[in-house]
Amino acid sequence: MSNWGLTNMDNQTIQYCFPNNNLSCSRSIRPEAEYIIVYIFIAVSSVFTVFLNLLVIISISHFKQLHTPTNVLILSLAVADLIAGLILMPVQGMKLIEPCWYFGEIFCSIFLLILYVVVTAALGNMIIISVDRYIAVNDPLQYPMKVNNNRAIVSIVVNWVLSLIYNVYLLNEFILYPERNHTCIGECILFNVYLEKVILDSIVCLVAPCCVIIPLNVKICFAANYQAKRLNSVTDKKAKSERKAARTLGIVVLVYLLCWMPYYFISLFVWDIESDSLIINVMDWIVCMNSCMNPLIYAMFYRWFRLSAKNILTLKIFEPSSANINLKQM
């Protein structure tokens, strides 16, 4: 048998991931046009995601007017989306088209840990954002005393730490024994898919968050509409701003749920499906693509994001006192 490949009954050439290794996995050859189209899509999606989230991060970090608790939470979400664009989307995109894993056992474990931590942390951010908006709309007079930048930062740190601890526990065997991640050289799959952990993960990352996020956003909508009828013209501008912020972040939450819920439903009801199967890779890619959606939503609904992006792209942020620009009066 040749090291480079063989021909099966359908005259399709099968090659090996590492031709000089007898333990190498085999891979089927796809049409060259398919590789080109998919890799262009992956590259464009990743670059676009990184670019948009960098705009969000620079905007909130640079302009002092944007240093609010809500925007600090959005900044944390943008960091998670940036990591997804830099690492998760390129690698996960390659897994859609490439049947071989060329990055070694250690990075296989690290990559999946990063994927799970980022997704879980982003979900935690959504919960915190929903709580923040609920307090802002339901109790606007007490909001400045209950919520400030320091508390927002503490909640973000706790969220990321808990996400890391939870996923280390979830993937502990996978991390400790990376040699079990494959049956042949050139494979990276999640081997420890036990039903009890699938159920636990579905409860922690699907059922519990939905039980918090959905009722909170429903209450936010009712509270915003109720206050809109009671507030006078003096506070009407502030009320409109809060309602718009609540609606925008509600859309962010809804889009996020629509992107990752299919993955957890498939994991829960088809829990023994191979973790490197096409359907799981597609679901992972949809979750990663959500990282590109959030900045687009900000661009559509937040005037401050459009104005700050304009200042960044025209390099006006390098001018003296640019951090003190009043974006609301531009």
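None of the figures in this text is laboratory data; all of them are computed from the coordinates on show. Keep in mind it's a predicted model, so treat the numbers as computed, not measured. Cβ placement follows ideal geometry from the backbone for every residue including glycine, while neighbour counts extend to all protein chains displayed.
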**Message:** Whole angstrom only: what separates the Cα centroid of the stretch 103-140 from the Cα centroid of the stretch 50-72?
**Reply:** 18 Å
**Prompt:** Which cross-chain or sequence-distant (5 or more) residues have an amide H under 5 Å from the amide H of I185, H modelled 1.01 Å from N in plane?
**Reply:** S24, C25
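Ordered by packing density, taken as the mean number of other Cβ atoms within 10 Å over each peptide's residues, highest first, how do 152-158, 68-74 rank?
Taking the mean over residues of other Cβ atoms within 10 Å, the ranking is 68-74, 152-158.
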**Fill in**
With x for Gly and Pro, the residue-by-residue ³J(HN,Hα) of the stretch 68-85, computed from phi through the Karplus equation 6.51 cos²θ - 1.76 cosθ + 1.60 at θ = phi - 60° and given in whole Hz, is 10, x, 4, 5, 5, 5, 5, 4, 4, 5, 5, 5, 4, 5, 5, 4, 4, x
**Request:** Quick one: order F174, F51 by neighbouring beta-carbon count within 10 Å, fewest to most.
**Result:** F51, F174
**Fill in**
For the stretch 314-327, Karplus-derived ³J(HN,Hα) couplings (6.51, -1.76, 1.60; θ = phi - 60°; whole Hz; x for glycine and proline) come out as 8, 6, 6, 5, 8, 6, x, 6, 5, 5, 9, 4, 8, 5
**Asked** Sorted by average packing, counted as other Cβ atoms within 10 angstrom per residue and highest first, what order do 20-29, 81-90 take?
**Response** 81-90, 20-29
**Fill in**
Links exceeding 21 Å between C-alpha atoms in this model, out of K64/K316; K64/K219; K64/K310, come to K64/K219
